[in-house]
1. Per residue, how much accessible surface does the chain expose to a 1.4 Å probe? Answer in Å², no decimals.
2. Could you tell me which residue out of Leu57, Ser131, Leu71 lies farthest along the dipole of the chain toward its positive end? Charges go on the beta carbon: Lys and Arg +1, Asp and Glu -1, centred on the Cα centre.
3. Could you compute the FRET efficiency for Asn87 and Cys17, with r as their C-beta to C-beta distance and R0 at 25 Å, rounded to 0.05?
4. Evaluate the charge dipole of the chain about its Cα centre and quote only its size in Debye, nearest 20, assuming +1 on the Cβ of each Lys and Arg and -1 on the Cβ of each Asp and Glu.
5. Can you list the lysines whose alpha carbon sits under 17 Å from that of Lys119, skipping same-chain ones fewer than 8 residues off?
6. Roughly how many whole Å is it from the C-alpha centroid of region 111-137 to that of region 43-60?
7. In the chain, what percent of the accessible surface is made up of carbon and sulfur (1.4 Å probe, ligands and nucleic acids excluded)?
8. When you take every Cα atom in region 17-112, what is the radius of gyration, and what is Dmax, the widest Cα pair distance, in Å?
Amino acid sequence: MNMQEIECTCYDGEGYCRLVSFESWRVAVANFAAHLQPDTLQTFEKHTKTDEIFVLLNGEITILTAGYDQLPGDICACRLLPGKIYNVKMGVWHAIVLTPQTKILIVENDNTDERNTEKWLITQKQRTKISALINVK
């Protein structure tokens, strides 16, 4: 095998890390980080220029969604199954909750950043709802 033709990368640190970018898309990994738990989650976000793909590689992840409106609405939870592809559509308020040892793959437009991502600070009422949703198995 010619390793000049294949690039192999990985990331084992906490949180998000961009691994591969090509033209208009990028692939990243997110690992467990303390700020991605129900009690410490700070924001919902929505991307105005891209969908966002999530694939569970290891552990447990729950994607929280809160509608398409100007402000986040009713919160729903989706626990991901390993190896399946989950696409959060452009314009959907969302956040992720990871358990320790979780690793996820993320695919999105390469230009996804603060210029085309809106954020909403999670309220105490929303945090209570999130905790209730996460604790239901």
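1. Dividing the accessible area of the chain by its residue count gives 60 Å².
2. Ser131
3. My answer for the efficiency is 0.75.
4. Magnitude of the dipole: close to 560 debye.
5. Lys46, Lys49, Lys89
6. 12 Å
7. Of the solvent-accessible surface of the chain, carbon and sulfur hold 56 percent.
8. Gyration radius and largest Cα-Cα distance of region 17-112: 12.9, 37 Å.
The values are calculated or read from the model by the stated rules, or taken from the named source; none is laboratory data. The structure presented is a predicted model; accordingly, all values stated were derived computationally and were not measured. Neighbour counts run over all protein chains shown; Cβ positions are idealised from the backbone, glycine included. The protein model used for the area step is the full one, side chains on, heavy atoms only, and it has no ligands, DNA or RNA in it. Shrake-Rupley method; radii C 1.70, N 1.55, O 1.52, S 1.80 Å.
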